[in-house]
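Note sheet for the following structure.
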Amino acid sequence: MAILGRGTGGRGLVARVQLCAILSTLTLAPMLTAEATMEYRVKAAFLYNFARFAEWPQSRNAAPLVIGVLGADPFGGALANTVHGKTIGGRQIVVRRVGSVEAASGCAILFVSSSERNRWPEILTPLRHTAVLTVGDAPGFLAAGGVMNFYLENNRVRFELNPAAARRSGLKLSAQLIRLAQVEGQRRAGERQ
């Protein structure tokens, strides 16, 4: 898979259909307290699928695939429940709460909570050239150097991608994932929530 390439063959088509089916069915109702939990269940499912449609350098393939959460954990048990017992490419998936950038460098995916907004440069700068897929859910996260960011549009969870940050990270993202993402700078500022 190339970071900005297209999938080929029947396997690529099947993966594309599966990804579209999973992601297109994840909708949100208007935000009430109980539905806020649903928002993070949807985001947890997205994180799992990001792991399915990304490749990390060979040196990490034998180790567990770690999804880290840095800052206030908005998922509750939703993220751990989503990945419980699942593997990707033979790698067990584990969720860890991390408290430092040093601990975050051992993650394959790092969700940076919006509670850490004031620390984004301190967090993202050291991770720029590491194979960590950084994901946030607040406006400005991509501009700060994050790779992916969640946002709400018409009560649906969507995600945007910073292609330059993805290239710097050395990760290979599937073409299907890239096509579903909103590329940084393509959305109007008024659409951000």
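Asn118 meets all of the listed conditions (1) surrounded by fewer than 14 Cβ atoms within 10 Å (Cβ to Cβ); (2) touching an Asp or Glu at 6+ places or on another chain (Cβ under 6 Å) but one, namely (2). When you check Ala138 against the structure, is it over 23 Å from Ala63 (Cα atoms) and more than 12 Å from the chain's Cα centre (by Cα), yes or no? It is true that Ala138 is over 23 Å from Ala63 (Cα atoms) and more than 12 Å from the chain's Cα centre (by Cα). Look at (1) crowded, with 19+ Cβ neighbours inside 10 Å; (2) at pLDDT 95 or above; (3) within 14 Å of the chain's Cα centre (by Cα) and you find that Leu65 fails only one, number (2). The set of residues in the range 130-149 being closer than 22 Å to Met38 by Cα, surrounded by fewer than 21 Cβ atoms within 10 Å (Cβ to Cβ) and among the hydrophobic types (A, V, I, L, M, F, W, C) consists of Ala138 alone.
Scanning the range 126-174 for residues that are over 13 Å from Phe111 (Cα atoms) and in contact with a Gly (Cβ under 7 Å, 6 or more places away or on another chain) turns up Arg128, Ala131, Asn162, Ala165, Ser174. The helices (runs of 4 or more DSSP H) found entirely in the range 96-193 that carry 2 or more residues being within 20 Å of Arg52 (Cβ to Cβ) and either modelled with pLDDT under 95 or of a type outside the set (Asp, Glu) (or both) are 163-169, 175-180. Among the conditions (1) of a type outside the set (Ser, Thr, Tyr); (2) modelled with pLDDT of 95 or more; (3) surrounded by 15 or more Cβ atoms within 10 Å (Cβ to Cβ); (4) within 15 Å of Val135 (Cα to Cα), Val83 misses just one, which is (4).
The values are calculated or read from the model by the stated rules, or taken from the named source; none is laboratory data. Bear in mind the structure is a predicted one, so any value in this text is a computation, not a measurement. Counting neighbours? That spans all protein chains shown, and the Cβs are built from the backbone with ideal geometry, glycine included.
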